[in-house]
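The values are calculated or read from the model by the stated rules, or taken from the named source; none is laboratory data. Because the structure is predicted, anything quoted here is derived from the model rather than measured. A quick note on method: Cβ atoms are made from the backbone with ideal geometry, for glycine too, and the neighbour counts reach across all protein chains shown.
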2 protein chains.
Amino acid sequence: MEHAIECRHIERQSGTGFRLKRGQILRVIDPMGEQVADLMAFNAHDLDEVLSSGRSIDYANTIYLTTGHVLYSNRSTPMFTILEDQVGRHDFLLTPCSPETFQIIYGNYAPHPSCFMNLVENLTPFGIAPDRIPTTFNIFMNVRIAESGELTIGPPISKAGQYIELQAEMDLIVGVTACSAELSNNHSFKPIDIEIRGQGA
Amino acid sequence: MEHAIECRHIERQSGTGFRLKRGQILRVIDPMGEQVADLMAFNAHDLDEVLSSGRSIDYANTIYLTTGHVLYSNRSTPMFTILEDQVGRHDFLLTPCSPETFQIIYGNYAPHPSCFMNLVENLTPFGIAPDRIPTTFNIFMNVRIAESGELTIGPPISKAGQYIELQAEMDLIVGVTACSAELSNNHSFKPIDIEIRGQGA
């Protein structure tokens with residue numbers, strides 16, 4: 001039986017929030033290439049359960065999560081399984097860019113769109129407080145670590161049309177952005193497309 | 001003017017919780033060498049503000065935080081400054097070991113002490129819920145990352161008596177453990193000592 005595919009277009013430097021049922025598949029597409037999308041997720045039935053970078057990295061034993069890896073919650077419960085990854089380079093170390101990111105790292109105190117504020121805007125209607133948004137899974141973000149521990153943020157290696165596909169392992173509230181930080185997107189802000197497949201459990 | 005130094009001895013595979021005033025200095029000592037101590041902290045006046053690995057790593061631009069680096073909260077506010085670091089190798093990627101760590105990574109379903117449960121036990125009296133304990137600053141934990149992203153946990157490089165000293169940048173509630181995981185401590189569980197100096201602001 002065929003099911004309809006729900007599509008959403010996330011404009012440059014913006015975000016979206018939505019429900020995902022267990023078993024549904026979320027495809028995050030970089031339509032133009034070299035564009036990061038920050039992902040955050042909460043248990044739809046208990047907002048105190050949230051995506052955990054530390055648990056996911058620990059259990060996968062790698063900082064580069066890709067096809068076959070599981071993204072875990074702060075309670076060590078699977079939230080997503082990565083079904084397909086056409087890019088293979090995502091970051092799970094850094095928090096979403098925020099007004100403070102631009103102030104502290106770039107000395108830029110002017111108003112600036114940010115993934116954090118776009119997640120706040122789109123997750124607040126689901127009852128999620130800003131303080132509850134931790135380190136995001138930064139899809140297509142290209143962070144390299146030198147032997148010294150120093151971080152280098154390079155242009156994403158994603159090419160136009162490439163995607164990552166994640167299966168929801170529980171009922172979720174999800175936030176996704178088209179990232180607003182200059183350095184993460186090779187200084188060119190582009191949109192992100194998402195597709196949701198299946199009816200879920 | 002001299003002030004009394006408050007000392008605490010953390011027995012092997014246990015933890016402690018305490019208040020730290022802004023300006024006070026916390027020294028975490030590895031008395032026997034090769035022993036990890038997990039650290040977590042909350043704003044004493046607003047428990048929704050908590051230590052953030054993602055913001056700290058982002059603003060320091062390194063995964064190896066050491067002398068001079070600042071540990072930030074989820075609101076991008078400084079919580080600690082590292083005043084002195086005699087070891088120079090700590091981890092801020094991985095969550096505290098928990099019952100699930102031993103189940104998922106080691107297949108060990110028998111009861112096992114863990115940093116997470118030791119933090120829960122010692123932070124609960126301050127009103128901190130288990131779900132609010134994120135990725136800890138894992139003092140003396142020796143995590144290396146290969147070019148592929150794969151993690152290797154080696155024996156701590158801390159020698160007997162070496163320490164790290166952190167200055168509180170706000171009034172804090174702090175939890176510290178003597179880590180319970182075999183791999184992180186070269187398969188030998190040892191105590192941790194802490195000292196608190198100064199009267200604070």
**Message:** Looking only at region B:64-82, count every residue that is at positive phi and facing chain A (nearest Cβ under 7 Å) and tell me the total.
**Reply:** 1
**Item:** Number of the condition not met by A:Gly68 [criteria: (1) more than 16 Å from B:Asp131 (Cβ to Cβ); (2) modelled with pLDDT of 95 or more; (3) crowded, with 17+ Cβ neighbours inside 10 Å]
**Value:** (3)
**Item:** Subset of region B:83-114 [hydrophobic (A, V, I, L, M, F, W, C) and more than 12 Å from chain A (Cβ to nearest Cβ)]
**Value:** B:Leu83, B:Val87, B:Ala110
**Asked** Of the numbered conditions (1) within 29 Å of A:Thr95 (Cα to Cα); (2) more than 14 Å from chain A (Cβ to nearest Cβ); (3) outside any strand (DSSP E or B), B:Gly200 satisfies every one except a single condition; which is it?
**Response** (1)
**Request:** Would you point out which residue out of B:Ser184, B:Ser148 is free of Cβ contacts under 8 Å to residues at least 60 places away in the same chain, among the small types (Gly, Ala, Ser) and within 14 Å of chain A (Cβ to nearest Cβ)?
**Result:** B:Ser148
**Message:** Which count do you get for residues in region B:47-58 that are more than 9 Å from chain A (Cβ to nearest Cβ) and surrounded by fewer than 16 Cβ atoms within 10 Å (Cβ to Cβ)?
**Reply:** 0
**Prompt:** Condition test on B:Ser158, is it out of contact with any His (no Cβ under 9 Å at 6 or more places or on another chain) and more than 18 Å from A:Ser56 (Cβ to Cβ)?
**Reply:** yes
**Asked** Would you call B:Ala37 within 16 Å of the chain's Cα centre (by Cα), more than 9 Å from every other protein chain (Cβ to nearest Cβ), at pLDDT 95 or above and under 26 Å from B:Arg19 (Cβ atoms)?
**Response** yes
**Asked** Among B:Asn43, B:Asn61, which is the only one that is within 20 Å of A:Pro134 (Cβ to Cβ), over 14 Å from the mean Cα position of the chain (by Cα) and at the interface with chain A (Cβ under 9 Å from one of its Cβ atoms)?
**Response** B:Asn61
**Item:** Filter result for A:Gly54 (under 20 Å from B:Asp58 (Cα atoms), small (Gly, Ala, Ser) and not in a strand (DSSP E or B))
**Value:** yes
**Complete:** Screening A:Gly154, A:Gly175, A:Gly149 for residues that are touching a helix residue (DSSP H, G or I) at 6+ places or on another chain (Cβ under 6 Å), at pLDDT 95 or above and not acidic (Asp, Glu) leaves only A:Gly175
**Prompt:** Scanning region A:142-201 for residues that are closer than 15 Å to A:Gly15 by Cα and among the hydroxyl-bearing types (Ser, Thr, Tyr), which turns out surrounded by the most Cβ atoms within 10 Å (Cβ to Cβ)?
**Reply:** A:Thr177
**Message:** For region A:120-145, give me each residue that is in contact with a Pro (Cβ under 7 Å, 6 or more places away or on another chain) and more than 13 Å from every other protein chain (Cβ to nearest Cβ).
**Reply:** A:Phe140
**Message:** I'd like to verify a number: residues in region B:178-201 that are acidic (Asp, Glu), out of contact with any Pro (no Cβ under 8 Å at 6 or more places or on another chain) and at pLDDT 95 or above, how many?
**Reply:** 1
**Message:** Can you name every one of the strands (runs of 3 or more DSSP E) wholly within region A:62-155 that holds 2 or more residues which are in contact with a strand residue (DSSP E or B) (Cβ under 9 Å, 6 or more places away or on another chain) and among the β-branched types (Val, Ile, Thr)?
**Reply:** A:78-85, A:142-145, A:151-154
**Item:** All positions within region A:136-171 that are among the hydroxyl-bearing types (Ser, Thr, Tyr) and within 20 Å of A:Ala44 (Cβ to Cβ)
**Value:** A:Thr136
